[in-house]
Structures are given as structure tokens and as C-alpha cells.
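Just so it is clear, none of the values below were taken in a lab; they were calculated from the coordinates. What you are looking at is a predicted structure, and each value in this text was computed from that prediction instead of being measured. All Cβ positions, even for glycine, are placed from backbone atoms using ideal geometry, and neighbour counts span all protein chains on display.
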Amino acid sequence: MNANQNLNYENSILNKFAQNHVKNDNLNVPKQQQTQTHVHSDLENDKIEIDLDYLNNVDDNESKREYLGEIIFKKIENHPLAQKYEFSINKIGKTTGMILAIDDINYILDICRNEDNLAAYINEAHELLKESEN
């Protein structure tokens, strides 16, 4: 049996996303923190940079996920696809949560750094959210 088949989130959208991306059924998806700590934003070109020194000095994965969640949320909020699909704050949060449910922190970091990967996840989340509305 695939580990993904053991996942059972209350949200059916997250279940569908998890079937495609989550490998570990013992995940706790952290709540988004509303702090601005260690997130650097260049307002002139909407670049949001990761403070790798901070991230490398954080010991636990939950804190790393919270930090990356802040960045992912801001990147999605400013992403042209999210604007095209008219993502609400709620949809941005759900999309961020879907990405944070991935068990590999390095892969989440790659999504933060690679615009093509982020765009693919935004498209996938859009499709899953649209399906759930019907």
C-alpha cells in the first residue's frame, strides 16, 4: 500500500494534492505565522528572498516550514497566475498549505526558488479548488 493512501485530511482538496505529492503520512502542517521575521522583499520587482543563513540555523522542520510558508504565501500572492485566477486570501492560504504538506523541506525550498515549479503548483491548486467548487 502506498503511504499516500493512508493520508486522510479533512479537506478533500488536500487529500487529492497529497495523493500526488506527499510521501509521509505523519505530517503536521503548521499554521501560518503572521510575522515578517527574516523575509526580505524587494518591492521594486516583487522579489522575495530567502534568508538561507537563518534557514540553515533553524533546527526543527516545523520552524523551517513556518518560515517557508511565509515566503510561499507572499510569492503566491504576488504571482501573475494567482492574480489571473483571482485567488482570494483563502485560496492563497490553501495553496500554501498544499505545498507545505510536502514532506521534503528541500523540495519546498526548491519550489520557493524556482518560478516554474511554483507556477505548476499554483495551476494544480487552481484546478483542484475549481473542482471542489462544482
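For the stretch 75-134, a simple Cβ point-charge model (Lys and Arg +1, Asp and Glu -1, everything else neutral) yields a dipole of about 220 debye relative to the Cα centre. Compared with the direct C-alpha span, the chain from Asp59 to Ala119 gains 18.7 nm at full extension, assuming 0.36 nm per residue.
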